[in-house]
Amino acid sequence: MTSIGITIAFYALSGLSIGAAVAVFLTRNLLHAVIFVILAFIGMAGLFVTLSADFLAVSQVMIYAGAISVLLVFAVMLTPYASRDNGNSLFAPVGVLVGLGFAALIGFVATQVAWPVFSGSDLEAQNFTGTVRTIGGALLGGYALPFELASVLLLAALVGAIALVREDER
Amino acid sequence: MSAALDPIRTRRPQGDLALVVSLFAVILLIGGAAGVGYLVLSGSLDGRWYDFRDLGVGMAHLAEWLDEQNASQPAATRALLGDHWMSYLTTAVIGGIGILSFVGGVLLILIWVERRLIARIQVRRGPNRLGPYGLLQPLADAIKLIQKEVLIPEGADRFLFFLPPILVFIPGLLVWGPVPWAPNMAYLDLNVGVLYLIAISSLATVAIFIAGWSSNNHYALLGAMRTVAMMISYEIPLGMALISVVLLAGSMQLSEIVRWQAQHYAWMAFLIPFSLFTFFFSSTAELNRTPNDIAEAESEIVAGFHTEYSGMKFGLFYAVELGNAVAVAAFVTAFFLGGWSLFGLEAFIPGYIIFATKVAAGYFVLVWLRGTLPRFRLDQLMAFAWKYLIPITIAHTTLVAAEVTAMGALALPGIVELGTVALVNIAFTVWVMRRWARFLGYRPETERVMQPKLTTQVGGLHAAERMRGAS
Amino acid sequence: MTTASEPYVLNIGPQHPSTHGVFRLRVVMDGERIQDIDMVVGYLHRSMEKLAEERTFTQNIPFTDRTDYLAAMSNNLGYCLAVERLAGVEVPERASFLRVIFAELQRLASHSMANGTFINDAGAWQTPLMYMFREREKILDLFEMTCGARLTTNYMRIGGVSFDPPPEFYPAVEALVAELPDRIAEYTELLVDNEILIARARGVGIISAADAINGSITGPMLRASGVPWDLRKADPYCAYDKFDFEIPVGHNGDCYDRFMVRLEEMRQSVRIIRQALDGLPSGPHKTEIPLALRPAPGEAYARVEGPRGELGFYVVSDGGPAPARFHIRAPSLINLSLLRQMAVGTSLPDAIVALGSTDIVVGEIDR
């Protein structure tokens, strides 16, 4: 992160993502929360772009902001009493505890793991054109088994969803 | 025939003046073409900043000049802002203004074009009252919509009600980024351009759903759910059709895809026609245009997800729908019709003019489909996507992947390779489409058109049974 | 674990782009499937039948224009036949032939509109409608030439027709009849083979012959269900027994068959007009009747084959200048009663297409 442009972008996008995430649990209306979640997803996609992870950024937009947000909206819509005031839920203390636990875990991982860092000039030296080839090679090369397992899992989820909503044949 | 039966005649402009003007225009055109041809052939245009065939060359010269200016800035500024900030800023702003003005202009003109075209297909004239040939109609529409009262339905969530027009407009603007107008004229030439396009067009889905949900209206919700179901179903064939393009061209960058087509003198439309059909048809579903416009099937659910939207909010939905139609035409041009290349003529004709002509042709086909075909029912649409298009697209992609691998392994001359690929693909398309349709139960011979039987004997139930037994 | 869903009520209200008039449907839907349909009519009720009791028989003819405003000539004809039967008035032969010509022209206009709006309901954005309206415009121009009005013609009189057509009428109608077969062939070529139309209309809204007869359905709907019944052949009125034409009968009773039957009826109408023009006798165009006709007390019922079905007029006289009771048997109302059977269990687009194929006119339903 050498240039000022990327620094400004980092702070702006981080502010957007964190602000949207905070707004998710501060807002009273569940659908508003979903909108802020979409905003957080887009902020994260921007952060991926600052790291030169082009494929990940676009996939983030396509999968999360494009499809999973629709899923969330459907889920909220089909939930009874989704528009009620969610501020006085009985699960609030439990939620706070779980959130703190997650924050501790992620903080530990972020600070203690030795993340390899490549700066822009390193990437230029390697004639780095994009992440697509690398990811593709990894998915179908070294990580082929998890990839196939993930697709089988998705197929199982698809079949299960259809089985759940199927009407009985009269 | 008496005058009472003739349609109302309108007066044509004076014939003589029109003849003189058109003669003058033809002479000017021929002279201009000759001049341009001379300039191009003598090579005095290549690489100069005044090469009007490709505005990107001029921009590159501007960027270089700005970098030189940048090098003479004080060191402190250069350490803070970097070595290229002037050129980045200037090219970004100019490109942004270019795209904004283009999209804005297109959105205004499109309303006129669409209405006149559809009217001509329907044996009528279209708007011709406001301004010459009705050209001020879009302006009048915009002013009318702006000055309308802002109606928010009771029980609608205000925040969620105001959001969808904005959410739908942003992707409509962003998709124009990667479009390559000429060899050096692509504003946002991403390495993952194809994926970017699919991602941005999937953002419209959630906006439409929120529009329907927040309107507090049964029609709107019905329309929104239909739309979402249809859009997410057709995103799959859309993406998979583009995979074949990416496989053949070897890159997801739009300018690379167009360059591949220019180098090989082969348009993707000839090589993978099934992908063209799938992409086009899925795009009409993504755009909510006939024959896939059940989302706003006027005869059934009034206006679908934008029933409750009035004024400029509705104007935005409508304009963005038309703008997206032109964007889809632009993608079809870039992916399948060779973009700015025209088998070598792009040396003489500016690339962006070739591109714009193809986009206009693609848009014309979209309007033609809208004016001609009735619409499908939702379950027929979904069945078509899931049971017919997706399996064939998967098989087709596998076939193209095999062909690309074979082309990489063998090193035959280009025309033999591509010719074989084209023939194999066309044969595959025709054969598989027919067999699969038959497998799914499409029996045209049993569903043939049955003309009514003609009879002169009247009768009741027994006569009916006799007639049915006789057929 | 099962999921449950609640049915909801969708109100396809009086103002809607596809209800062919002011007509309300309350549809109870479960997801996209229709469970029940409730039809609310009466938004266009103008109490014609009561108002008619205050006016003389001739003054009631404009009322009949406005019941089925898309088939004014047929309405006029039915009413005049009923009163002529009641009062025992003879109609000259020229008037009968003229009545036939205008009734068939009206059938052409009405079927153009019916088929056009049917395809409009199936989704083609008014393109076939605009094409079919070309002929309808010419026919309405002919009406205007003859009686001064395009839609509410008020043309038939008790005892004949009101005006003899002017001299420029005959070349115009000859030209129209000459070009109509080509036009109908054009529609056939464009629409009949259209895959999407077949997918939308084939198998939708099926009514079997037995159900149709039990439900008193008449007109193209009955013929599409396979029953060869046409009043012009079964109970000939005016001069229909002098003409040579056929009646089209459908196969399955679905919307596609109704569309084809109406298209074929347009061809047959052209035949009838051709024959009527060729054999038009000279003579008076109406019988003179007293200004305030007082028929002997009694009742009469006359029926014509309107574009929508059996259009019947029941007139009762008590010796006065005004009818004691005047009732219209509106085919649209009776045809509409089978909509529930056609639509329940299908989805909303199918119900709209089925409604479009019944070809209702709300003015007739509500009177």
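The values are calculated or read from the model by the stated rules, or taken from the named source; none is laboratory data. Computed from a prediction, not measured in an experiment: that's the story for all the values here. Positions of Cβ are generated from backbone atoms using ideal geometry, with glycine treated the same way; all protein chains shown enter the neighbour counts. When the accessible area is computed, the model is the full protein with side chains, heavy atoms only, and any ligands, DNA or RNA have been set aside. Shrake-Rupley method; radii C 1.70, N 1.55, O 1.52, S 1.80 Å.
Residue by residue, here is whether (1) surrounded by 23 or more Cβ atoms within 10 Å (Cβ to Cβ); (2) away from chain B (no Cβ under 14 Å); (3) of a type in the set (A, V, I, L, M) holds:
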site: C:Glu264; (1), (2), (3): yes, no, no
site: C:Pro284; (1), (2), (3): no, yes, no
site: C:Leu293; (1), (2), (3): no, yes, yes
site: C:Arg329; (1), (2), (3): no, yes, no
site: C:Arg340; (1), (2), (3): no, yes, no
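Look at segment B:156-187 and say how many of its residues are part of a loop (DSSP other than H, G, I, E, B) and open to solvent by 60 Å² or more (accessible area, probe 1.4 Å).
Adding up the residues that qualify gives 2.
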Please determine, by comparing only the residues of segment B:119-136 that are aliphatic (A, V, I, L, M) and more than 14 Å from chain C (Cβ to nearest Cβ), which one is nearest to B:Val367 (Cα to Cα).
B:Leu135
Anything in segment C:221-242 that is away from chain B (no Cβ under 11 Å), out of contact with any Phe, Trp or Tyr (no Cβ under 6 Å at 6 or more places or on another chain) and open to solvent by less than 40 Å² (accessible area, probe 1.4 Å)? List them, or say none.
C:Met221, C:Tyr237, C:Cys238, C:Tyr240
Identity of the residue in segment B:310-346, under 15 Å from B:Val367 (Cβ atoms) and in contact with a Phe, Trp or Tyr (Cβ under 7 Å, 6 or more places away or on another chain), that ends up surrounded by the most Cβ atoms within 10 Å (Cβ to Cβ)
B:Ala327
Scan segment B:161-175 and tell me whether some residue there is in the same structural domain as B:Leu337 (by TED's automatic domain parsing) and either modelled with pLDDT under 85 or farther than 25 Å from B:Ile97 by Cα (or both).
yes
If I filter segment B:397-416 for residues that are closer than 28 Å to B:Ala285 by Cβ, assigned to a helix (DSSP H, G or I) and open to solvent by less than 10 Å² (accessible area, probe 1.4 Å), do I get at least one hit?
yes
Would segment C:246-253 turn up any residue that is under 18 Å from the mean Cα position of the chain (by Cα) and away from every other protein chain (no Cβ under 14 Å)?
no
Would you be able to say whether some residue in segment B:347-354 is over 20 Å from B:Leu287 (Cα atoms), open to solvent by less than 10 Å² (accessible area, probe 1.4 Å), more than 14 Å from chain C (Cβ to nearest Cβ) and in contact (Cβ under 8 Å) with a residue 60 or more places away in the chain?
yes
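I need the full set of residues from segment B:424-446 which are among the aliphatic types (A, V, I, L, M) and surrounded by 11 or more Cβ atoms within 10 Å (Cβ to Cβ), in order please.
Correct list: B:Val424, B:Ile426, B:Val430, B:Val432, B:Met433, B:Ala437, B:Leu440.
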Can you tell me which of (1) within 11 Å of chain B (Cβ to nearest Cβ); (2) part of a helix (DSSP H, G or I); (3) among the charged types (D, E, K, R) is the one C:Arg183 doesn't meet?
(1)
Considering only helices (runs of 4 or more DSSP H) wholly within segment A:73-170, the ones with at least 2 residues that are modelled with pLDDT of 90 or more, out of contact with any His (no Cβ under 6 Å at 6 or more places or on another chain) and open to solvent by 100 Å² or more (accessible area, probe 1.4 Å) are A:92-112, A:144-165
Result of the Cβ filter at 6 Å on segment A:1-30, keeping first residues that are more than 14 Å from every other protein chain (Cβ to nearest Cβ) and under 21 Å from A:Val117 (Cα atoms) and partners that are surrounded by 12 or more Cβ atoms within 10 Å (Cβ to Cβ) and not small (Gly, Ala, Ser), at least 6 apart or interchain, is A:Phe10/A:Thr50; A:Leu13/A:Leu47
Taking segment B:114-127 as the search range and keeping residues that are without any contact (Cβ under 8 Å) to a residue 24 or more places away in the chain and in a helix (DSSP H, G or I), which one is most open to solvent (accessible area, probe 1.4 Å)?
B:Arg120
Considering every residue within segment C:158-167, establish whether at least one is open to solvent by 40 Å² or more (accessible area, probe 1.4 Å), farther than 17 Å from C:Tyr131 by Cα and polar (S, T, N, Q).
no
Which listed residue, of C:Thr64, C:Thr117, is at negative phi and surrounded by 24 or more Cβ atoms within 10 Å (Cβ to Cβ)
C:Thr64
Please give the number of the condition C:Cys147 fails out of (1) open to solvent by less than 60 Å² (accessible area, probe 1.4 Å); (2) farther than 24 Å from C:Leu291 by Cβ; (3) in contact with a Ser or Thr (Cβ under 6 Å, 6 or more places away or on another chain).
(2)
Scanning for something farther than 30 Å from C:Arg200 by Cα, touching an Asp or Glu at 6+ places or on another chain (Cβ under 8 Å), assigned to a helix (DSSP H, G or I) and assigned by TED's automatic domain parsing to the domain that holds B:Ala327, does segment B:354-361 turn up at least one residue?
yes
Condition (residue is over 30 Å from B:Leu222 (Cα atoms), in a strand (DSSP E or B) and in contact (Cβ under 8 Å) with a residue 60 or more places away in the chain) applied to segment C:327-345: is it met by at least one residue?
yes
State yes or no: is B:Arg375 in a loop (DSSP other than H, G, I, E, B), of a type in the set (Lys, Arg) and under 32 Å from the mean Cα position of the chain (by Cα)?
yes
Checked C:Gly31, C:Gly21, C:Gly42, C:Gly13 against criteria (of a type outside the set (S, T, N, Q), touching an Asp or Glu at 6+ places or on another chain (Cβ under 6 Å) and surrounded by fewer than 21 Cβ atoms within 10 Å (Cβ to Cβ)); the one match is C:Gly42
Under 7 Å by Cβ, and 6 or more places apart or on different chains, what pairs join a residue from segment A:101-126 that is outside the structural domain of A:Thr50 (by TED's automatic domain parsing) with one that is open to solvent by 60 Å² or more (accessible area, probe 1.4 Å)?
A:Ser119/A:Thr2; A:Gly120/A:Thr2
Among (1) in contact with a Phe, Trp or Tyr (Cβ under 8 Å, 6 or more places away or on another chain); (2) away from every other protein chain (no Cβ under 14 Å) - the single one C:Leu105 does not satisfy
(2)
Can you say whether B:Ile198 is part of a helix (DSSP H, G or I) and more than 9 Å from every other protein chain (Cβ to nearest Cβ), as far as the supplied structure shows?
no
Would you be able to tell me the number of residues in segment C:187-220 that are at the interface with chain B (Cβ under 7 Å from one of its Cβ atoms) and assigned to a helix (DSSP H, G or I)?
8
Complete set of residues in segment A:1-51 that are open to solvent by less than 50 Å² (accessible area, probe 1.4 Å) and not in a helix (DSSP H, G or I):
A:Ser3, A:Thr27, A:Asn29
Could you check, for segment B:74-91, whether at least one of its residues is more than 28 Å from B:Leu345 (Cα to Cα), loosely packed, with under 15 Cβ neighbours inside 10 Å, among the hydroxyl-bearing types (Ser, Thr, Tyr) and in contact with a helix residue (DSSP H, G or I) (Cβ under 9 Å, 6 or more places away or on another chain)?
yes
